[in-house]
1. Output ³J(HN,Hα) for segment 342-349: one whole-Hz value per residue in order, computed from phi by the Karplus curve 6.51 cos²θ - 1.76 cosθ + 1.60 with θ = phi - 60°, and x for Gly and Pro.
2. Of 209/251; 299/340; 92/230; 281/321; 251/321; 209/321, which ones are farther than 30 Å apart at the Cα?
3. Whose amide H sits under 5 Å from the amide H of residue 238, counting only residues 5 or more places off or on another chain, with H placed in the peptide plane?
4. Can you work out the PRE-style zone for residue 29? Point 7 Å along Cα to Cβ, and I want the residues of segment 307-326 with backbone N under 18 Å.
5. Given a cut-off of 38 Å, what percent of all Cα-Cα pairs of the chain lie beyond it?
6. Between 96, 158, 136, whose Cα lies farthest towards the positive end of the dipole of segment 88-211 when Lys and Arg beta carbons carry +1 and Asp and Glu beta carbons carry -1, centred on the Cα centre?
7. May I ask which residue of 38, 175, 312 lies farthest towards the positive end of the charge dipole of the chain, with charges of +1 (Lys, Arg) and -1 (Asp, Glu) on Cβ and the Cα centre as origin?
8. Within 10 Å, count the other beta carbons around each residue, average over each peptide in 102-112, 205-215, and list them highest first.
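The values are calculated or read from the model by the stated rules, or taken from the named source; none is laboratory data. Because the structure is predicted, anything quoted here is derived from the model rather than measured. All Cβ positions, even for glycine, are placed from backbone atoms using ideal geometry, and neighbour counts span all protein chains on display. Note: accessible area is taken over every heavy atom of the protein model, side chains too, but ligands, DNA and RNA are not part of it. Shrake-Rupley method; radii C 1.70, N 1.55, O 1.52, S 1.80 Å.
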Amino acid sequence: MKFIKIAFFILALLPITAISQDMGFEEYNPTSTLVVEGEEIKTAKFPFIDIHSHQRNMDSERLTQLLADMDLINEAIMVNLSGGSGSSLNQKLESIRQNYPNRFVVFANVNFDGIGEKGWSEKAAAQLENDIKNGAKGLKVFKSLGLRYKDTNGNRVAIDDPRLDAIWAKCGELGVPVLIHAADPKSFWHPMDSDNERWLELKTHPRRKRSATNPAPWQQIIDEQHRMFKKHPNTNFINAHMGWFANDLTKLGKLLDEMPNMNVGISAVIAELGRQPRNAKAFFEKYQDRILFGKDSWKPEEFPTYFRILESDDEYFPYYKKYHAFWAMYGLDLPDIVLKKVYYKNALRLIPGLDHTLFPVD
């Protein structure tokens, strides 16, 4: 009888053991047992400008919905980078004027199809100038430049292609910034193996994986961008996602020193900052005039993680996307003088025509 009881006990344990042994990394997401002080920050300490948002629809109903969510998190101005060009851009601008003219800003976009056609550069620059004069406050360049666009001969268009110079020069002439996203995280070009920190992201989003030369080596695309920045010193550039150097702030600091017209946005790389709080805080203090707040995807429930990393000294709290960061976060505890610059002062300086009355008077 004793042996029968032992046998039943072992059999009862087998399913649990099998589940634990078969569970993959994707499912393993334990709740931390660490007990430390700290709490979620649901509203930013100061009004902020989100310089990296995407909204296809900006009709009256949508703007009202957005504004309600913005007010809950203390977002003063949203910069919509998906403005388009021509009539589609004008529709968004007119809706903003009629509804909430001081709370929303739109950046124009350039269609890079047709490069190589006679007069393309002049036409593109003229259309951009018209879009800016109609109310767009800057130019947003998507990662498709450098990754997807080809000229009329079927060749990949490099970011520093001289046929694009008229566009960058026009932004400098008109005094508007260029917010540009080049390439993607370097790990997307690396082998998808156990050494790749982005393995889970690439497994869950396989279309993001690239070969070492698809469509060009990562470093080549990044170098093209930097050469273009240096070639146009009179144009202000905002390098999206900290130029994919948030994991190497020493290198990013050297790049900022080399290119005084380059600024960086923190959208989608806050998890890199939250795992190196002392190093990141020193970087923010040194380059406090060159860093801008941005989020990228519009999910209000994710903003509190940004606020907590920037504002608090909390330890070991979770990030909201495991496939972006399977590690815990730590707060940078930035001083108010730095927070104000990141949240709104740097954007007010770079983007013309924003409503300064929405922000504290120092």
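1. 5, 6, 8, 5, 5, 5, 4, 6
2. Working: 209/251 24 Å; 299/340 22 Å; 92/230 33 Å; 281/321 23 Å; 251/321 26 Å; 209/321 18 Å.
In this structure, 92/230 lie more than 30 Å apart at Cα.
3. Here the answer is 178, 179, 180, 263, since their amide H atoms fall under 5 Å of that of residue 238.
4. 317-326
5. In whole percent, the long-distance tail amounts to 23.
6. 96
7. Farthest towards the positive pole: 175.
8. Details: 102-112: 21.6, 205-215: 12.1.
The most tightly packed comes first, giving 102-112, 205-215.
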